[in-house]
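Read through the structure below, which is laid out as structure tokens, and then see the notes.
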Amino acid sequence: MDASGSAAGVSVVRVAPLLAVFGAEGNRTIIIGRTLVVVDAQNTISLEASVAAAWKEEDGTRGSFDVVDLSRDDKLSNASALISSIMPFRKPLAEASSEDVAAGIAKDLCEKSRESVADIRDIRYFLEHELARSSAGDASDVDHTTIVASLLQLNIICGRTADEARETEREGLWVYITDPEAYHSYRVLQEPKIISCAEAATATTRTWMRMHDAAMRQCGAMRSLLESESIAIRSLISSATSISSSKEADAQSRFNVLAAIASIGLGLPALVLALYGANALVPITTMPRLAAFAPVIVALLVAAGLAIHQGIRTKRGNIWIFSAAGIVVFLIVLLVAAGLLAPETNL
């Protein structure tokens, strides 16, 4: 064994969680999995990425991700080369041991994955903003159902990535593959009550123990951040459900108001005509007949007033006001024209 605790000529292995978000907005790709770090005795570094799942924004729609079929994606089929380009790490010192190099690279990869959680958070912020726009009803280009579906997909991404970070943290970056003694020592440091013959790890246990501890803390922070994001997303989904129920109630209320207005605008004129009889009102050639016809016009004006009052209370009140005014004017003109043009009948 050398001073680092590794056998001479034996490669050192570490495994880091993988979360990467890359690409321009509307064409982003999210990949999760693990990255295997292998450093041989000559400090030759080899990275091998294992992608567990991937998502890509569909049709350039920001925030809407679809699952990628890994077997059909040429870019993700060579994930190891992709990881080397989007997750650079610091070059090791020439005098560093292979254990030191592996620990440093693993720490850098864990940190890069943890930093990628900020990209997930930005996506969640965007969907939260779109949900607010959809709820306000002032954005015709925002579909409420699509936003909820995107939030559900994002929650799946957070959950699966948190599982990868949790597994890597529990396995101690798989350090036991090449140094089981250091693994058990660090386990005792994490859980002092664990039954083990090993002593708790310290900075002098291995030269790379500080770096290993930093990598483990990055995994823990990554898991914690993702769990917080998942909680926030579930809260948004719950809010979206409440908003949807509220919008349905508002729609039902507006329909009831429209039904009431229609009953006034059509029912009262029909009642007046039924009481007097059409022959007593038309043609409107005399003042008594015009006075008898007045309740019909008043009923239409009352219906218009109610529609305008309802329109003022809504954000799209102009639609209500202009529609009500147009319908009332049309009906009054139609009724007056019909009354004037009706032939005189003698019973």
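The values are calculated or read from the model by the stated rules, or taken from the named source; none is laboratory data. The structure presented is a predicted model; accordingly, all values stated were derived computationally and were not measured. Every residue, glycine as well, gets a Cβ built from its backbone with ideal geometry; the counts of neighbours run over all protein chains shown.
The table below lists the values:
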{"item": "Given (1) under 17 Å from D108 (Cα atoms); (2) among the hydrophobic types (A, V, I, L, M, F, W, C); (3) in a loop (DSSP other than H, G, I, E, B), number of the condition I194 does not satisfy", "result": "(1)"}
{"item": "Pairs where the first residue, in segment 223-234, is touching a residue at least 40 places away in the same chain (Cβ under 8 Å) and the second is among the small types (G, A, S), C-beta under 6 Å, 6+ apart", "result": "R223/A162; R223/A165; L226/A162; E227/A162; S230/G159"}
{"item": "Any hit, segment 31-43, residues being modelled with pLDDT of 85 or more and under 30 Å from H144 (Cα atoms)", "result": "yes"}
{"item": "Complete set of residues in segment 25-58 that are acidic (D, E) and under 19 Å from I120 (Cα atoms)", "result": "E25, E57, E58"}
{"item": "Any hit, segment 206-221, residues being under 34 Å from the mean Cα position of the chain (by Cα), assigned to a helix (DSSP H, G or I) and closer than 19 Å to A53 by Cα", "result": "yes"}
{"item": "Of all residues making up segment 140-181, the number that are more than 26 Å from A214 (Cβ to Cβ) and either out of contact with any helix residue (DSSP H, G or I) (no Cβ under 8 Å at 6 or more places or on another chain) or touching a residue at least 60 places away in the same chain (Cβ under 8 Å) (or both)", "result": "15"}
